[in-house]
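What follows is a set of notes on a single structure, which appears directly below.
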Amino acid sequence: MLPAEKLSYKPGSTLTTCPYCGVGCGVRATLHSDGQVDIAGDESHASNYGRLCVKGSALGETVDLDGRLLYPKMRVEADATQPLQRVSWDAALDQVAHGFRSIIEQHGPDSVALYVSGQLLTEDYYIANKLMKGYIGSANIDTNSRLCMSSAVAGHKRAFGADLVPVCYEDLELADLVVLVGSNTAWCHPILFQRIARIKETRPQMKLVVIDPRRTATCELADLHLPLKAGSDVWLFNGLLSFLARNNAIDNNFVDTSTNGMAAALDVAESGCVDHGAVAKACKLDPHDLLTFYEWFAAHERTVTAFSQGVNQSSSGTDKVNSIINCHLLTGRIGRPGMGPFSITGQPNAMGGREVGGLANMLAAHMELENPQHRQTVQDFWQAPRMAERPGLKAVDLFHAIESGRVKAVWIIATNPVVSLPDADQVQRALAKCELVVVSDIIEKTDTNAFAHVLLPALSWGEKDGTVTSSERRISRQRAFLPTPGEARADWQILCQVAQRMGFKGFDFAAVHQVFDEHARLSAYRNGDAFGQRRTFNLSGLSGLDQKQFDAMAPVQWPLTTLASGDKRGTPRLFADRRFAHPDGKARFIATVPRGPQYATDSDYPLSLNTGRVRDQWHTMTRTGKSPKLADHVPESFVDMHPQDALLHGVREGMLARISSRWGEMVARVQHSGGIARDSIFVPIHWNGQSASDARVGALVNPAVDPVSGEPEFKHTPVRVEEFRVAWYGFVLSRSRPMLDDVTHWTRIQGRRFNRYELAGRSPISEHSTWAAALLGVDTADADWLEYQDVSAGIYRAVHVVDDRIDACVFLSPRPDLPSRAWLASLFGKEKLDDADRIGLLLGQPIEKGVDTGPTVCSCFGIGRNTICDAVRKQGLTNVAQVTACLKAGGNCGSCVPEIKKLLSEILVEEGA
Ligand code: SF4
């Protein structure tokens, strides 16, 4: 690996965009000559006005080269057990081009595929799509965005005629009622949540309703939480449609002049959802609460209904989206400030991918693959030799086609499907059988890369250059400020180089701004009534930018047809003219018949598994997993369940449990957050084979998909939970990697100057001292090796000290109730242990009371639960502002504010206040 110190850093500040969620916050990155990067919010960026959540704030901790893939690698031996070998770019590109070309020649264009990602920049996405759909002649290109927002795309297309997000972030601030459906906004889109929270502080009469089966951190701000039964959203919104119709909330003028299909939609709604009591029963809600929501919705014209994965990730996701949009169409609440349905995207460039047609059923620039006029338009513009003529395979189907041998070569770019796809063991089986697996990635060892025949090193955030589009259609620049490490290349360049080697013309771009320019020009090509195709997606105002203008490009919302007028803002909201993208200019109501999840729970698998994100991690942790600042909040995978269900299934909080479904199994720590209803559980999506031995939740998730969008049902899989029986629990903190051969279950957590491992083992340990020394690689004969053992209780502890610094420690017990890791972890920052530290070492806690801070709540300032609770109790603090004034906690990014609120209310209840 190329050591970081060999790189030459050009100090300075660069404005760029956060690579995580779809909020698309502006970031100011300041690079120092030693390679350190300071991160701050970009005050001029209209997404965040200078604020960043904890993930964005920690970006500087994720740009090191540890674990990076820096050189092309290939399987040179036929033997699959041999490691990949470093090769030249020429060799790797030739191998990919030759492999794809010969498979296409033998089996046709549909025998190859690309599987790409919402992490790609728009320019990367554009080239990938052009190569597949215009040159290879197949639409077998799909993206991991299929997993998070394709139901929103399908819902938009059905209702509006194109994939158009009507609203902007400002509308959330202008609304009198904000409804968050299936969205833990406080954790998954924190800056957006904070914008809502600040407005609510200044306008307390503004109402916030959260519709979510779980009581999440988002609910801490809500006026009303509706914990609906998983999958019952269409009942709830059909009931609302019916209620609005019967309570004179119809905007007759809007419905008559600007929509079609109301009668049919209302007929379906009225057939099963006219009685709010029956709807409450179907959704398992309190009828009074449901009625309150219906009344609030009817009474507040300025209503925004924002929805996210809880709506989209369902076998009826598209209907759920349309059932929400129907209510906005009925009341005419669209196209005006402070109102409208709002799909909040999960990934930084899910929207950019949609613009270039990154999904298997779309064409570039919001054109339709199945529309011959659109195909001709794109073919003429590209001068493309072989256009795809029918939709390609969507993500789940694609990996089934790989397993069956129909698709023989796949190029996976910037995504980790062995972790993230449903029925993820099937993905492993598919890749193991595939003739040619090419993976472009920034990290060398991932669960997916283990199946690669060719590995191509890509540029990472901070090294690559291009654009991304946020949830509100705002295009922002991601700018490079770090030198290129090793031989990594931009994804668009790699794709162009393979295309050229395959003999295709049209890929001779010299710089990324030229790719953006072609994308912008295509959006305007034959776009207008004169051509019989008026497309809303239009970037003609951004075409013709030269390098300098592209470098200086300010964030802007599409559509944008001219910059000459000086309008740098673009179009904040759509449909102000009440004209939609269907040929008749009208929006469509969609009749949505409620239906439950595809697989019902039964006596073998009685619990419903819901999956999602935690506050401080992102996707499969390849980047956020590197940050010690982000590691502490939720250090390992967990299964959150109701205490009565835990009792019923023989598990207790803190123990490990095995979770199984018909498709796979995993192990996680049992937790009771208090936010989970009976008969359901929640497991986070992030842990994988690199960060834990068996915590890949994708392996359990059922492969059912929405019939319209192809989006998988991540929010409901029938599962069972049972005890994961072990002989001992333990943890290790160590400056080097321990030998984990004898450990049944482990999770690795990145610490500052150490690695932490949570461990558990099936086989009893007979000789603890020998075992621990072997685990840590310590020759105890000459070492400063401190031990404590209580043989009858099965407790063993050892600490290895080198030159008066702690080097490693291991704590074992037959029960999971081990000492807090926080104080021991803090010792790794000390150059020399003092006497008091040494006395506390084997206790695992300081001898003075109050130094153990407990699990992290505020990641920005490293403030733990114990510190906050102590301050609240001792100083009589009663609100978050007081906690912030006292401890700083919650005073930076604000992501932990809902948790501080929860702690405050728990203590107030406990003290009977
Ligand atoms: S909310 Fe956080 S993760 Fe999302 S874009 Fe902003 S800083 Fe990044």
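Computed from the coordinates by the stated procedures, all read-outs in this text should not be read as laboratory data. Predicted model, so just to flag it, every value in this text is computed and none were measured. Glycine also receives a Cβ, built like all others from the backbone with ideal geometry; neighbour counts cover every protein chain displayed.
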Original post:
Can you list the residues, at least 5 places off or on another chain, whose amide H is less than 5 Å from the amide H of PHE307, using H built in the peptide plane?
Top reply: VAL181, PHE342, SER343, ILE344
**OP:** Calculate the translational D of region 376-445 in whole µm² s⁻¹ from Stokes-Einstein, where the hydrodynamic radius comes from the Kirkwood formula applied to all Cα pairs, the temperature is 37 °C and the viscosity 0.692 mPa s.
**Re:** 238
**OP:** Taking the Cα centre of region 123-243 as origin, sum charge times position over the Cβ atoms of Lys and Arg (+1) and Asp and Glu (-1), and report the length of that vector in debye to the nearest 20.
**Re:** 260
Subject >> Approximate spin-label separation SER673-GLN875, in nm, with each point projected 7 Å along Cα-to-Cβ >> reply: 2.8
Original post:
Taking N as the number of residues in region 402-512, what is its Cα Rg relative to 2.2 N^0.38 Å?
Top reply: 1.21
Subject >> Counted charge near SER661, where neighbours are those whose Cβ lies closer than 13 Å (Asp, Glu -1; Lys, Arg +1) >> reply: -3
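Just want the ordering: SER242, SER603, SER673, from fewest to most Cβ atoms lying within 10 Å of their own Cβ. Present the calculation step by step, with values, prior to reporting the outcome.
Values: SER242 23, SER603 6, SER673 15.
Lowest count first: SER603, SER673, SER242.
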Original post:
Taking neighbour counts of Cβ atoms within 10 Å as a proxy for exposure, in what order, fewest first, do MET502, MET132, MET149 appear?
Top reply: MET502, MET132, MET149
**OP:** Hey, can you grab everything whose amide H is under 5 Å from the amide H of GLN557? Only 5+ residues off in sequence or another chain; H modelled, so Pro and N-termini drop out.
**Re:** ILE475, GLY570, THR571
Subject >> Cβ-based charge dipole, the chain, positive-most Cα from ALA298, GLN789, ALA152 >> reply: ALA298
**OP:** Assign one of three labels to region 489-630, namely rounded, prolate or oblate, based on the Cα gyration tensor with a ≥ b ≥ c the square roots of its eigenvalues; rounded applies when a/c is under 1.5, prolate when it is not and a/b is larger than b/c, and oblate otherwise.
**Re:** oblate
**OP:** Could I have the simple spin-label model distance between ARG725 and ASP64, label points 7 Å from Cα toward Cβ, reported in nm to one decimal?
**Re:** 4.2
Original post:
Fewest first, what order do LEU522, LEU421, LEU841 take by the number of other Cβ atoms within 10 Å?
Top reply: LEU841, LEU522, LEU421
Subject >> Length-normalised contact order for the chain - Cα pairs under 8 Å, 6+ apart - percent >> reply: 15
**OP:** Provide, for q = 0.15, 0.30 Å⁻¹, the log10 of I(q)/I(0) from a solvent-free Debye sum over equal Cα point scatterers in region 501-556.
**Re:** -0.54, -1.15
Subject >> Selected from ALA450, LEU236, SER691, residue furthest toward positive end of dipole (the chain; charges at beta carbon) >> reply: LEU236
Original post:
Excluding HIS513 itself, what net charge comes from residues whose Cβ is under 15 Å from its Cβ, given Lys and Arg +1 and Asp and Glu -1?
Top reply: -3
**OP:** Could you let me know the centre-to-centre spacing of region 861-913 and region 515-530, using Cα atoms, in angstrom?
**Re:** 53
**OP:** Any chance you could check the Cα centroid distance between region 697-742 and region 91-159 for me, in angstrom?
**Re:** 29
**OP:** Sticking to Cα atoms, compute the Rg of region 417-464 to one decimal and its Dmax as the biggest Cα-Cα distance, whole number, in Å.
**Re:** 11.7, 35
**OP:** Take every DSSP beta bridge with both residues inside the chain and express the antiparallel ones as a percent of the total, to the nearest 5.
**Re:** 60
**OP:** Summarise the long-distance tail of P(r) for region 279-394 by giving the % of C-alpha pairs beyond 16 Å.
**Re:** 73
**OP:** List, largest first, the extents of the alpha carbons of region 696-820 along their principal axes, each in whole Å.
**Re:** 67, 34, 25
**OP:** Please give the FRET efficiency for ARG737 paired with THR257, using the beta carbon to beta carbon distance and R0 = 56 Å, rounded to the nearest 0.05.
**Re:** 0.25
**OP:** Just name one of LEU539, PRO83, ALA677: the one whose Cα is farthest towards the positive end of the charge dipole of the chain (beta-carbon charges, Lys/Arg +1, Asp/Glu -1).
**Re:** LEU539
Original post:
With +1 on each Lys and Arg Cβ and -1 on each Asp and Glu Cβ, how big is the dipole of region 470-603 about its Cα centre, in debye rounded to the nearest 20?
Top reply: 440
Original post:
In straight Cα distance, which lysines are under 23 Å from LYS229, not counting same-chain residues fewer than 8 positions off?
Top reply: LYS207, LYS281, LYS284, LYS320, LYS715
Subject >> Ratio of the Cα radius of gyration of region 105-180 to 2.2 N^0.38 Å, where N counts its residues >> reply: 1.50
Subject >> Centre separation in Å (Cα based) which lies between region 247-288 and region 289-353 >> reply: 14
Subject >> Calculated from backbone phi, Karplus (6.51, -1.76, 1.60) coupling profile of region 512-525 in Hz, x at Gly/Pro >> reply: 5, 5, 5, 5, 4, 4, 5, 4, 5, 5, 5, 4, 9, 5
Original post:
What spacing in nm lies between the two simple spin-label points modelled at ARG86 and ILE847, each 7 Å away from Cα in the Cβ direction?
Top reply: 5.1
**OP:** Sum -39500 (n - 2.57) across every DSSP H segment of at least 4 residues in the chain, then divide by the residue count to get the 222 nm mean residue ellipticity, nearest 500.
**Re:** -8500 deg cm²/dmol
Subject >> Surface/4 estimate of mean projected area, convex hull on alpha-carbon atoms of region 602-661, nm² >> reply: 5.1
**OP:** Please label the shape of region 764-831 as rounded, prolate or oblate, based on the square roots a ≥ b ≥ c of the eigenvalues of the alpha-carbon gyration tensor (a/c under 1.5 means rounded; beyond that, a/b larger than b/c means prolate, else oblate).
**Re:** oblate
**OP:** Give the span of the chain's Cα atoms along each principal axis, as three whole-Å numbers ordered largest to smallest.
**Re:** 86, 68, 54
Subject >> Net charge of neighbours whose Cβ lies under 12 Å from the Cβ of SER543, counting Lys and Arg as +1 and Asp and Glu as -1 >> reply: -2
Original post:
Roughly how big is the chain's charge dipole about its Cα centre, with Cβ charges of +1 (Lys, Arg) and -1 (Asp, Glu), in debye to the nearest 20?
Top reply: 1660
